[in-house]
Amino acid sequence: MNRGYNFSAGPAAIPTEVLERAQEELLNWNGHGCSVMEFGHRTPEFQQLLEQTEADLRKLLNIPNHYRVLFMHGSASHQFAMVPMNFLAPDDTANYLEQAHWSKKAIKEAQGFGNIHVQQGFHQTEEGLAIVPESEWQLDEAGKYLHFTSNETIVGVQFKTEPKAFAGNLVCDMCSDILSRPIDIEQYALIYAGAQKNIGPSGMTVVIVREDLFEQMQTHRVPSLFQYPLMAQHKSLFNTPPSFGIYLAGLVFEWLLERGGVEAVEKLNQQKAQLLYDAIDASDFYHSPVAKDSRSVMNVAFTLKDHSLDSVFLQQAQEQGLLALKGHRDFGGMRASIYNAMSLEGVQTLVEFMREFERKV
């Protein structure tokens, strides 16, 4: 098998064991003589698959019964519009942290549905890019919610805990660090996460929402497929669901549970990130643009001292089976996304390559 170490930010690596199992079951799922992609979503068999997938996610994240779990079509970018569409009347206000690329897109979408109060979330410090201290935030306390991104993938800045500065509803874009660590679900009104980083393939988004909020939602103005209450009422089966995405997510959830759940994977993720950041900090050749207390455990961005070597670095990395290390177009440089599916061995191999590349040049 010629499988490299995939450091892509998304669509990201899926555990090899999960892909191998999907490969084995692709033509004959559970002895039914056809693929899960060909199976009717109203059948008892698919209903059982859906229920088990939700139950495993609830176990992994300790999701209380008064939260609903939705498996929805599309990407997190769809949720940029769906959140304000459901929560805001035209004269309502919501708070948004402006952090980087994706939060700016969320703000732009939300501005079409209500009054959006924007608070700068990141600032440049002597040590590097950092989260603005909550004591400096100025929020509209009458806002319907505070929206933030728990982990920004572009330059790798991550909240270590939930913001405490807003007493109202907390809405989180958790695409890139969901299932990477334990979280207190009850701190949130709604969480959404595109599947293509820590859950499964692109094309599906998981939404976790507190059900008492349904009574407050502006569903009379919202198309049926975009209504959270309606999708919850039909248990993600109002229309044909993203069945293959649900199936693969279920395999990923099983894979996580077999490895000790999010508590165990958090320890491994911390180990991987520490190994890579230590290598960067120990070198004059590589540089991290992010202050240490704001660094992401999922996305490690770094630059080379001599930018003219970027293309050579990437080419030689590719030749060594180290894939997708090119940084986002808004940042440049390099980015190693080390989600749950990235092994410790993969990060060790990258660090060894980085040291050897520096030595040679």
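See the values below:
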| read-out | value |
| --- | --- |
| Glu258 being under 24 Å from Tyr96 (Cβ atoms), open to solvent by 10 Å² or more (accessible area, probe 1.4 Å), at pLDDT 95 or above and among the acidic types (Asp, Glu) | no |
| Candidates Leu309, Leu251, Leu268 - the one that is assigned to a helix (DSSP H, G or I), over 21 Å from Ile178 (Cβ atoms), at pLDDT 95 or above and among the aliphatic types (A, V, I, L, M) | Leu309 |
| Candidates Leu57, Leu97 - the one that is part of a strand (DSSP E or B), open to solvent by less than 10 Å² (accessible area, probe 1.4 Å) and touching a helix residue (DSSP H, G or I) at 6+ places or on another chain (Cβ under 7 Å) | Leu97 |
| Subset of segment 312-333 (residues that are under 26 Å from Leu179 (Cβ atoms), aliphatic (A, V, I, L, M) and in contact with a helix residue (DSSP H, G or I) (Cβ under 7 Å, 6 or more places away or on another chain)) | Leu322, Leu325 |
| Count of segment 311-337 residues which are over 19 Å from Trp102 (Cα atoms) and open to solvent by less than 30 Å² (accessible area, probe 1.4 Å) | 5 |
| Candidates Glu25, Glu54, Glu17 - the one that is among the charged types (D, E, K, R) and farther than 24 Å from Val265 by Cα | Glu25 |
| Residue check for Ala282: open to solvent by 10 Å² or more (accessible area, probe 1.4 Å) and either of a type outside the set (S, T, N, Q) or without any contact (Cβ under 8 Å) to a residue 12 or more places away in the chain (or both) | yes |
| Residue list for segment 226-245, filter: in contact (Cβ under 8 Å) with a residue 24 or more places away in the chain, under 18 Å from Tyr192 (Cβ atoms), of a type in the set (A, V, I, L, M, F, W, C) and out of contact with any Asp or Glu (no Cβ under 9 Å at 6 or more places or on another chain) | Phe226, Met231 |
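The values are calculated or read from the model by the stated rules, or taken from the named source; none is laboratory data. This structure is a prediction, so every number in the text was calculated from the model and none was measured. With ideal geometry, Cβ positions are generated from the backbone for all residues, glycine too; neighbour counts draw on all protein chains shown. Quick note on the areas: whole protein, heavy atoms, side chains included, nothing else; ligands and nucleic acids left out. Shrake-Rupley method; radii C 1.70, N 1.55, O 1.52, S 1.80 Å.
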